[in-house]
Amino acid sequence: MQSYSFKLDIRLGDHSLEGSTLTCCNQFDGKETWSLDLPTVLWILERVAAGEGDAREIRDDLLQATEWDSACCSSCDLAMSHFPEARHRHEAASRRWEEDQQLDSDSFPYLLNKGKIHRSSCRRPPRPVPPRFPEDLHTFAVLFGEHSGDLEQVFNFLAGQASRGARQISSSEVVAMMARDGVATVKSRLCGACKPRLPDLDLAAPEGRPACWAWPLLSDVPTVAAGVAPVSVDVNVLPHQRAAYAEMERWHEGRCAVCGHGHAVGRLVRDHDHPSGLIRGLLCSSCNTAEGRTDSLLFNSYRRRPPSVILGLEVLYLPAGFQPGTHHQGVPAR
């Protein structure tokens with residue numbers, strides 16, 4: 001049960017009372033009940049009993065005070081200011097959805113649905129449906145309240161409720177999958193009914209290059225001698241190698257060396273070469289997990305020329321109990 005309190009000034013005839021408390025309680029069944037603080041009720045009764053005011057006057061004032069700006073309920077009043085923005089976002093999403101449905105099948109010859117890759121002409125995967133959105137303010141207000149007044153949570157919920165169906169994807173997107181996950185893995189995702197043909201994977205394709213290969217070198221960044229970057233202080237790095245590790249951190253700028261996506265400071269994982277024990281670069285958790293399991297063009301390129309090689313740095317990875325020379329649990333480093 002939720003309750004909302006409001007300050008109210010009561011006027012009755014020539015008399016007034018300031019700072020009265022009017023409270024609305026939302027019951028679990030959706031019904032609203034109103035209450036007025038006892039001192040105010042006694043003051044009103046005393047004035048009316050003394051003939052100093054008209055009960056109908058105070059009745060009209062209270063009825064007006066309990067009318068919501070939305071002309072509906074407290075939930076609608078709280079959500080009313082967010083409703084235009086939410087509807088605008090929904091309309092923009094609907095326009096994008098409409099544009100997606102007009103994609104040229106020659107440029108986007110594949111369909112992706114639940115990890116399976118189909119020809120664009122395949123009838124097995126379900127077709128996408130338009131984005132959903134509440135039709136009226138009250139329905140939106142209930143949903144808004146259930147998600148603690150967070151619009152992002154509301155739209156995430158609506159996206160989860162809607163059936164997205166198959167998504168059209170281009171040949172370059174399939175090539176990116178092959179470069180990252182490996183050709184054999186992508187082949188296992190092909191629809192057995194329509195049997196789509198995979199595009200050729202050029203070993204020099206840009207999709208096979210880790211993001212860090214395109215980053216400019218730190219040509220004018222002084223070596224840290226007297227101090228160490230804040231994140232480097234707490235990491236398990238040999239004291240004489242902290243300056244080198246701080247330089248590697250600054251060059252990454254919170255970005256994963258493979259996918260290039262930015263992450264909060266301290267959230268990247270230190271990837272290392274297991275035989276030597278040297279840190280190769282900083283990866284997001286997803287790429288770090290994939291690197292240990294995947295023998296693909298993208299990760300082979302990363303292992304061949306990681307950030308440590310690009311920057312010419314050697315920093316020993318020192319987790320608790322680590323011994324250089326232990327075997328890699330996944331694909332051996334190149």
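Read the figures in this text as sums done on the coordinates, not as results from a lab. Everything quoted here is computed from the prediction, not taken from an experiment. Every residue, glycine as well, gets a Cβ built from its backbone with ideal geometry; the counts of neighbours run over all protein chains shown.
Springs join every pair of Cα atoms under 10 Å in this Gaussian network model of the chain, and among 78, 137, 42 the largest mean-square fluctuation is at 42. Only helices enter the 222 nm calculation for the chain: every DSSP H run of n ≥ 4 contributes -39,500 (n - 2.57), and dividing by all residues gives -10500 deg cm²/dmol, rounded to 500.
When each of 77, 271, 104 is scored by the number of other beta-carbon atoms lying within 10 Å, the sequence from fewest to most is 104, 77, 271.
Mean sequence separation of contacting Cα pairs (under 8 Å, at least six apart), scaled by the length of the chain, corresponds to a relative contact order of 12 percent. Residues considered: 290, 246, 65. Largest GNM mean-square fluctuation over the chain, using C-alpha springs under 10 Å, is found at 65. Charge dipole (Cα centre; +1 on Lys/Arg Cβ, -1 on Asp/Glu Cβ; no other charges) of the chain amounts to roughly 2820 debye.
For the chain, the mean projected area of the C-alpha convex hull, equal to one quarter of the hull surface, is 28.5 nm².
Straight-line cross-link partners of residue 114 among the lysines, defined as a Cα under 22 Å from its Cα and at least 8 positions apart when in the same chain: 187, 195. When the P(r) is computed for segment 2-67, the part past 17 Å accounts for 42% of the Cα-Cα pairs.
Among 170, 20, 105, the largest mean-square fluctuation in a Gaussian network model of the chain, built with springs joining Cα atoms closer than 10 Å, belongs to 20. Distance between the 7 Å Cα→Cβ label points at residue 217 and residue 101: 5.3 nm. The length gained on full extension between residue 151 and residue 11, counted as 0.36 nm times the residue separation minus their Cα-Cα distance, comes to 46.4 nm. Simple rule: put +1 on each Lys or Arg Cβ and -1 on each Asp or Glu Cβ in segment 76-163, find the dipole, and look at 82, 109, 151; the Cα lying farthest toward the positive end is 109. Taking all Cα-Cα distances within segment 80-187, those exceeding 19 Å account for 55%.
Among beta bridges from DSSP that stay inside the chain, the antiparallel ones total about 95%.
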